[in-house]
Amino acid sequence: MTHLQAGLSRETLEKARLELNENPDTLHQDIQEVRDMVITRPDIGFLRTDDAFILRFLRARKFHHFEAFRLLAQYFEYRQQNLDMFKSFKATDPGIKQALKDGFPGGLANLDHYGRKILVLFAANWDQSRYTLVDILRAILLSLEAMIEDPELQVNGFVLIIDWSNFTFKQASKLTPSMLRLAIEGLQDSFPARFGGIHFVNQPWYIHALYTVIRPFLKEKTRKRIFLHGNNLNSLHQLIHPEILPSEFGGMLPPYDMGTWARTLLDHEYDDDSEYNVDSYSLPTKEVEKELSPKSMKRSQSVVDPTVLKRMDKNEEENMQPLLSLD
């Protein structure tokens, strides 16, 4: 075991070997091969190329060198193309701070039985008057940046549960194709995190319809890990044990405290709202959305035909079982 694997438990070391093809004997060589590819993309500013940083991209792509480098390049390219998103990329930024305090995202204390960190989002908590969807995305990316420092999570990954209870049609109307594309690019294509499952619960018919719109733009690997449970929490419990879930998800633990993860990031600044100023972050967000390229979401610009949506059977959707099982 090299010093780069020092943070891993014995069980996780074995998992890294079997599932990710991680070999301590060739680890430094693997990292160097990815680093050597940096010169092939002079158009990108690679701000970090140290061993520990490159290793997380190798783990995210099961030590396939070229795929790891492509993810590394997309990571920095995404930041170059969306500069306004990362100008004040810190927990105390007003928009990010408000999103964090409302649980965007939240993090459960217990890991699942695969050692994965469980992130939770309660969609209806979004206060449109205080922060934007871009702020929520920034808060999620910032949180992942902090969490991915843990080598155990680099190997074991994450699970995401999104509760759509009481999420209104008006709120859903803000989920524009350009906004969804920005999120897909940032989370699926440009970040070295392994997502073992994305679970929708209590989703209304219009969220299910929206998912059918974006589904073609998701990678096959991502689609296989998305589960639409509706109101059927028993199907959620088959994949995530209720012993580690809060009561909102039919679990055995108390209701989730939305400020849990925010307090971790903000520490003593959690209750300090002196920086709050709507105008300080609303303008950059508008600029981000204005400059988004429509290319990769081109087919969804027309949106779903409302007459088709009205024909959807709500009861059938609410009782929906998971579409696919985890690998």
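The values are calculated or read from the model by the stated rules, or taken from the named source; none is laboratory data. Just so you know, these numbers come straight off a predicted model, no measurement behind them. Note that we place each Cβ from the backbone using ideal geometry, even for glycine, and neighbour counts take in every protein chain shown. Quick note on the areas: whole protein, heavy atoms, side chains included, nothing else; ligands and nucleic acids left out. Shrake-Rupley method; radii C 1.70, N 1.55, O 1.52, S 1.80 Å.
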A student applying the Cα gyration tensor rule (rounded when a/c is under 1.5; otherwise prolate if a/b is larger than b/c, oblate if not) would label segment 90-268 rounded
Per residue of segment 227-233, what does 6.51 cos²θ - 1.76 cosθ + 1.60 with θ = phi - 60° give for ³J(HN,Hα)? Whole Hz please, x for Gly and Pro, Karplus curve as stated. 10, 9, 8, x, 8, 8, 6
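Distance check, please: which entries in Lys87/Lys221; Lys90/Lys221; Lys62/Lys219 exceed 27 angstrom between their Cα atoms? Intermediate results must be reported in sequence, preceding the final value.
Working: Lys87/Lys221 32 Å; Lys90/Lys221 31 Å; Lys62/Lys219 16 Å.
Correct reply: Lys87/Lys221; Lys90/Lys221.
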In whole Hz, with x marking every Gly and Pro, tabulate ³J(HN,Hα) for segment 57-71 from phi via Karplus 6.51 cos²θ - 1.76 cosθ + 1.60, θ = phi - 60°. 6, 4, 5, 5, 10, 6, 6, 7, 4, 5, 5, 5, 5, 4, 5
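How many Å² of accessible area per residue for segment 90-268, probe 1.4 Å? Write down the numbers at each step before the final one.
Details: 6390 Å² over 179 residues.
For segment 90-268, the solvent-accessible area averages 36 Å² per residue.
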So what are the ³J(HN,Hα) numbers for segment 204-209, from phi and the Karplus equation (6.51, -1.76, 1.60; θ = phi - 60°), rounded to whole Hz, Gly and Pro as x? x, 4, 6, 6, 4, 5
Once you charge only the Cβ atoms, +1 for Lys and Arg and -1 for Asp and Glu, what is the size of the charge dipole of segment 3-81 about its Cα centre, to the nearest 20 debye? 240
For His64, what accessible surface area do you get with a 1.4 Å probe? Give it in Å², rounded to 10. 100
Ignoring ligands and nucleic acids, what accessible area does Lys62 show with a 1.4 Å probe (Å², nearest 10)? 70
